[in-house]
Amino acid sequence: SQQGEEDPQALSIQEGENATMNCSYKTSINNLQWYRQNSGRGLVHLILIRSNEREKHSGRLRVTLDTSKKSSSLLITASRAADTASYFCATDAVGAGSYQLTFGKGTKLSVIP
Amino acid sequence: SQTIHQWPATLVQPVGSPLSLECTVEGTSNPNLYWYRQAAGRGLQLLFYSVGIGQISSEVPQNLSASRPQDRQFILSSKKLLLSDSGFYLCAWSVKGRGGYTFGSGTRLTVV
């Protein structure tokens with residue numbers, strides 16, 4: 001079963017607006033990661049936040065993590081048409097044995113110029 | 001620099017035919033290697049992962065197998081493809097530890 005579930009499934013915004021995507025997960029984690037996928041391409045790693053961190057920034061990206069609610073959010077500020085892509089959260093679950101990530105189904109973001 | 005190569009980009013194969021997808025990594029040693037499958041509109045399903053040469057762990061019983069004949073080579077195979085094997089196959093690697101994955105560009109497999 002999927003560990004991470006993104007919300008919303010699809011999001012359409014105007015260029016310049018902020019985009020917020022959410023991820024909920026079920027079990028305790030070591031870290032949570034966000035990835036981006038352009039249509040028909042591989043995934044690109046955006047940001048990793050560890051379980052003892054609450055917020056992390058990278059350029060126009062801001063990620064928050066609330067381990068008590070088992071949720072994370074990805075904020076893209078001042079969106080651009082080039083941000084159009086699918087965004088996935090992935091979790092590294094505690095006790096999973098060897099290192100492996102479980103991915104959600106993704107949020108499809110469309111930024112309208 | 002570290003790169004990952006995955007080929008072919010697209011593949012159309014008849015039902016019952018064999019499959020071999022190859023993935024190679026450059027610029028790193030002893031990586032963890034992964035094969036994922038992505039169905040249309042779905043998330044990524046982990047198929048196989050490997051922590052070393054000859055060490056393969058399977059996550060989902062299926063018609064596929066994987067091998068790691070060399071440290072930086074990961075191969076996904078099938079003896080007889082099924083229609084349900086169609087999908088987007090992604091290879092990825094990570095360093096030992098708990099960092100991010102680097103993905104290949106993917107192979108779009110259509111079984112007809």
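The smallest convex shape that holds all Cα atoms of chain A, its convex hull, gives 96 Å³ per residue. Count Lys and Arg as plus one, Asp and Glu as minus one, and take only other residues whose Cβ is under 14 Å from that of residue A:24; the net charge is then 0. Label point of residue A:20 set 7 angstrom out along Cα-Cβ; within the stretch A:63-88, amide nitrogens under 19 Å from it belong to A:63-80, A:87-88. By the compact-protein rule of thumb, 2.2 N^0.38 Å, the alpha-carbon radius of gyration of the stretch A:45-84 corresponds to a ratio of 1.25. Mean partner shielding of peptide B:101-111, defined as the number of other chain Cβ atoms within 10 Å of each residue Cβ, is 3. A viscosity of 0.890 mPa s and a temperature of 25 °C, combined with the Kirkwood radius over C-alpha pairs in the Stokes-Einstein formula, give the stretch B:70-112 a diffusion coefficient of 197 µm²/s. For residue A:105, a cut-off of 25 angstrom between C-alpha atoms picks up these lysines, skipping any fewer than 8 places away in its own chain: A:26, A:56, A:69, A:70. Per residue, the convex hull spanned by the Cα atoms of the protein assembly as shown measures out at 122 cubic angstrom. Rounded to the nearest whole angstrom, the semi-axes of the ellipsoid equivalent to chain B, taken from the Cα gyration tensor as √(5λ), stand at 23, 14, 13, largest first. Each pair of Cα atoms in the stretch A:47-113 enters the Kirkwood radius, and Stokes-Einstein at 10 °C and 1.306 mPa s then converts it into a translational diffusion coefficient of 118 µm²/s. For the pair residue B:108 and residue A:68, a Förster radius of 30 Å applied to the C-beta separation gives a FRET efficiency near 0.15, rounded to the nearest 0.05.
Each reported figure results from applying straightforward, stated rules to the coordinates on display, with no laboratory input. Values in this document were obtained by computation on a predicted structure and should not be read as measured data. Cβ: placed from backbone, ideal geometry, glycine included. Neighbour counts: every protein chain shown.
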